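*Asks:* Please see the structure below; I have some questions.
All of the numbers you see were taken from the coordinates with simple rules; none came from a lab. Quick caveat, the model's predicted, so the values are computed rather than measured. Note that we place each Cβ from the backbone using ideal geometry, even for glycine, and neighbour counts take in every protein chain shown.
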Ligand SMILES: [Zn+2]
Ligand SMILES: [Zn+2]
């Protein structure tokens, strides 16, 4: 099954390239960048100063009928679901779409210091995590596993950038020994 990455209001082309290369190393699936014409403005909440994640995913569904595979939406803008202050990402469990925001994955957001390597690591982990949900995985109790729940940046940094032996069985096309 193919994996498509759709940057939407996403500016870091080097990060995108590095993520595409890394996913190509890790999956047997075709990995491809696609261009979706999604206008984020209508999903902006003035009260919160953020964009409503679930609505963006719902909108994406009507733009991706021609693509047979998983669709990863990647954005710079800060995203939320109503019950939470923010989310790093959201995915359809056993579905086709996920959305990842790098807004709060930037080290600048926390310490003011730029760290491109850390940004790549965090982005990779969040993409693998949301993809895992697409493949039907729920949160894993294993602290090392990328499917471990990570509501805050500390948990993102603690967990590994791989699926544990149990979770990996469900991820289609993943090369276990990459
Ligand atoms: Zn999750
Ligand atoms: Zn696991």
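*Asks:* What is the percent of Cα-Cα separations in region 2-170 that go past 22 Å?
*Replies:* 39
*Asks:* What is the Cα centroid distance between region 1-29 and region 79-158, reported in whole angstrom?
*Replies:* Here the two parts' Cα centres lie 15 Å apart.
*Asks:* Further, regarding this structure: Going 7 Å from the Cα of residue 9 in the Cα-to-Cβ direction, what parts of region 57-94 have a backbone nitrogen less than 17 Å from that spot?
*Replies:* Counting backbone N atoms under 17 Å from the label point, the list is 57-61, 73-82, 86-90.
*Asks:* May I pose another question? How much of the DSSP bridge set in the chain is antiparallel, in percent, rounded to the nearest 5?
*Replies:* Around 30 percent antiparallel, to the nearest 5.
*Asks:* When ranked by the protection proxy of mean other Cβ atoms within 10 Å per residue, highest first, what sequence do the peptides 41-49, 61-69 form?
*Replies:* 61-69, 41-49
*Asks:* Tell me, what is the FRET efficiency for residue 25 and residue 117 to the nearest 0.05, using R0 = 22 angstrom and their Cβ-Cβ distance as r?
*Replies:* Efficiency, rounded to the nearest 0.05: 0.85.
*Asks:* Additional query: Given the -39500 (n - 2.57) contribution per DSSP H run of 4+ residues, what per-residue ellipticity at 222 nm results for the chain, rounded to the nearest 500 deg cm²/dmol?
*Replies:* Calculated at 222 nm, the ellipticity per residue is -8500 deg cm²/dmol.
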